[in-house]
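Q: Once you've had a glance at the structure underneath, I'll fire off some questions.
The values are calculated or read from the model by the stated rules, or taken from the named source; none is laboratory data. Just so you know, these numbers come straight off a predicted model, no measurement behind them. FYI the Cβ positions are ideal-geometry reconstructions off the backbone, even for glycines, and counts take in every protein chain you see. Calculation scope for accessible area: heavy atoms of the full protein, side chains included, ligands and nucleic acids excluded. Shrake-Rupley method; radii C 1.70, N 1.55, O 1.52, S 1.80 Å.
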Amino acid sequence: MKYYLIAGEASGDLHGSNLVKQIRRLDAAANIRCWGGDLMEQAGATVVKHYRELAFMGFIEVVMNLRTILKNLDQCKADIQSFQPDVLVLIDYPGFNIRIAEWAKQQGLKVVYYISPQVWAWKEGRVKKIREYVDKMLVILPFEKEFYRKWEYEVEYVGHPLIEAVKAAREAPALPRFSDKPIIALLPGSRKQEVKEKLPVMLSMAKYYPEYQFVMAQAPSLDDSFIRPFTAAYPNVSVVKGQTYQLLLQASAALVTSGTATLETALFGVPEVVCYKGSPVSYFFAKRLIKVKYISLVNLIMDKPVVKELIQHDLTEENLLKELTLLLKDEARREQMKADYAMLWTLLGDGTASRKAAEAIVGMLNA
């Protein structure tokens, strides 16, 4: 069979790569073409366009790059038409993928969506389009099945694919430590505009804890020339690339931007503070559109404030120092957080999300 996958971010590349492996397990002759990244390519898919060329996030950046985005949509449609896949598999990345789903349905293609857009957080009305254009929705968060049921749309819960990725990292041979000192991980994200806003506050913690080595995970989308001016003033700050999971395996605590990284950090059992700060304009619009109680996936899934969220004006040097000190010094706080993390594992499935997703996709084609 011929499969066309579209992932537009690093997390989509990770989950897409595991899906590719599982599809190949079930369909050894599978011909898989994709928009994705290095991991999907290593798993055996032919990559048409790298996600680095697609990473336009935030209101202002999207508007500024609208011409490029529209050109990418046209290129993607033309490539799908030329390839004529048996199924189109969309992985998160909703701004792009929902438009592709609408077009693909008009072409008579079978459409599967793996990893639902966060329509429960904002733009809930998009469910109507999803219900109309997507033949099968595979969700990864336990509360999403009930959310879609409200809209009379039956979806399949497969569990969260991060479980298998984190399990594999935990079971891999240990690599040398990044430092002899205890380590505090910094995960500032991949979007330049947001990194500019929050990284200086995150880095300022290094001067208060010289006995720790602060190690920053640099996203592939960020150049050394962009990062170096931020870190240059701190002798106990170092930077690693492509080794985020190794960093989390070694960290005593972490300062983490909102998004998937908050969940990854929790699954590695690392006490964390969630840090978010965007441009004033982006935050102004987001505040009015987003409807959820929390911004971190950890708190959303657990439906309570497991980890502290410092958002926009609350992300100050003083507030962050207070929360980091609690993580490092207050043993009861650390133990409570780790107990909550253990419960999180049980809610997210048994680590077979990619296999279940592949079985659903291949089964749909063979039905």
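Q: Taking all protein chains in place and a 1.4 Å probe, what share, in percent, of the accessible surface of the chain do carbon and sulfur account for?
A: 52
Q: Also, quick follow-up: In the structure shown, do any of 49/196; 241/322; 277/304; 77/241; 77/136; 181/241 have a Cα-Cα gap over 30 Å, and if so which?
A: 77/241
Q: Another question, then. Under 18 Å from a label point 7 Å along Cα→Cβ of residue 204: give me every residue in region 231-247 with its amide N that close.
A: 231-237, by backbone N distance to the label point.
Q: Enter the accessible area of residue 178 (Å², nearest 10), with the probe set to 1.4 Å and all protein chains included.
A: The accessible area comes out at roughly 60 Å².
Q: Once R0 is set to 56 Å, what does the formula 1/(1 + (r/R0)^6) return for the Cβ-Cβ distance between residue 128 and residue 335, expressed as a FRET efficiency to the nearest 0.05?
A: Rounded to the nearest 0.05, the efficiency is 0.80.
Q: Still on this structure: Would you look at the GNM of the chain, springs on alpha carbons closer than 10 Å, and say which of 40, 137, 337 moves the most?
A: 337
Q: Could you name the aspartates and glutamates in cross-link range of residue 338, using Cα to Cα under 18 Å and dropping any fewer than eight places away on the same chain?
A: Counting by Cα, and skipping residues close in sequence, residue 338 has these aspartates and glutamates nearby: 264, 272, 303, 309, 323, 330.
Q: Sort 17, 221 by heavy-atom solvent-accessible area, probe 1.4 angstrom, most to least.
A: The ranking, largest first, comes out as 221, 17.
Q: How big is the charge dipole of the chain about its Cα centre, in debye rounded to the nearest 20, if each Lys and Arg gets +1 on its Cβ and each Asp and Glu gets -1 on its Cβ?
A: 580
Q: Can you compute the FRET efficiency between residue 313 and residue 226 using 1/(1 + (r/R0)^6), with r the Cβ-Cβ distance and R0 = 22 Å? Round to the nearest 0.05.
A: Once the sixth-power term is evaluated, E becomes 0.35.
Q: Same structure again: Length gain on complete extension for the stretch residue 303 to residue 156, per 0.36 nm per residue less the alpha carbon to alpha carbon distance?
A: 50.8 nm
Q: For region 200-212, in order, what is each residue's ³J(HN,Hα) by Karplus, 6.51 cos²θ - 1.76 cosθ + 1.60 with θ = phi - 60°, in whole Hz (x at glycine and Pro)?
A: In residue order, the calculated couplings are x, 5, 4, 5, 4, 5, 4, 6, 7, 10, x, 6, 9 Hz.
Q: Shifting gears a bit: Please find, in a Gaussian network model of the chain (springs between Cα atoms separated by less than 10 Å), the residue of 12, 36, 242 whose mean-square fluctuation is greatest.
A: Of 12, 36, 242, the most mobile in the Gaussian network model is 242.
Q: Here is a further query. Rounded to the nearest whole Å², what accessible area per residue is found for the chain with the 1.4 Å probe?
A: 45
Q: Taking 8 Å as the Cα distance limit and 6 or more residues as the minimum spacing, I'd like the relative contact order of the chain as a percentage.
A: 16
Q: Residue by residue, what Karplus-based ³J(HN,Hα) values in Hz, rounded to whole numbers, does region 161-167 have, using 6.51, -1.76 and 1.60 with θ = phi - 60° and x for Gly and Pro?
A: x, 5, 4, 5, 5, 6, 4
Q: Grab the beta carbon distance between residue 71 and residue 135, set R0 = 41 Å, and tell me the FRET efficiency rounded to 0.05.
A: Efficiency, rounded to the nearest 0.05: 0.90.
Q: Work out from phi, with θ = phi - 60° and the Karplus expression 6.51 cos²θ - 1.76 cosθ + 1.60, the ³J(HN,Hα) of each residue of region 215-229, listed in order in whole Hz, and give x for Gly and Pro.
A: So the Karplus estimates, Gly and Pro as x, are 10, 9, 8, 8, 5, x, 7, 9, 7, 4, 5, 7, 7, 3, x Hz.
Q: Another question about this same structure. Counting Lys and Arg as +1 and Asp and Glu as -1, what is the net charge of the other residues whose Cβ lies under 15 Å from the Cβ of residue 225?
A: Surrounding charge for residue 225 is +2.
Q: Given a 1.4 Å probe and the protein chains all in place, what does the accessible area of residue 268 round to, in Å² to the nearest 10?
A: Solvent-accessible area, nearest 10 Å²: 20 Å².
Q: Same structure, new question: Any chance you could look up the accessible area of residue 228 with a 1.4 Å probe, heavy atoms only, rounded to 10 Å²?
A: Solvent-accessible area, nearest 10 Å²: 140 Å².
Q: In terms of modelled amide H atoms, which long-range or inter-chain residues lie less than 5 Å from the amide H of residue 238?
A: Counting only residues 5 or more places away or on other chains, the set is 214, 215, 216.
Q: For region 110-248, what is the charge dipole size about the Cα centre, in debye to the nearest 20, if Lys and Arg each add +1 at the Cβ and Asp and Glu each add -1 at the Cβ?
A: Using Cβ point charges on Lys, Arg, Asp and Glu, region 110-248 gives about 260 debye.
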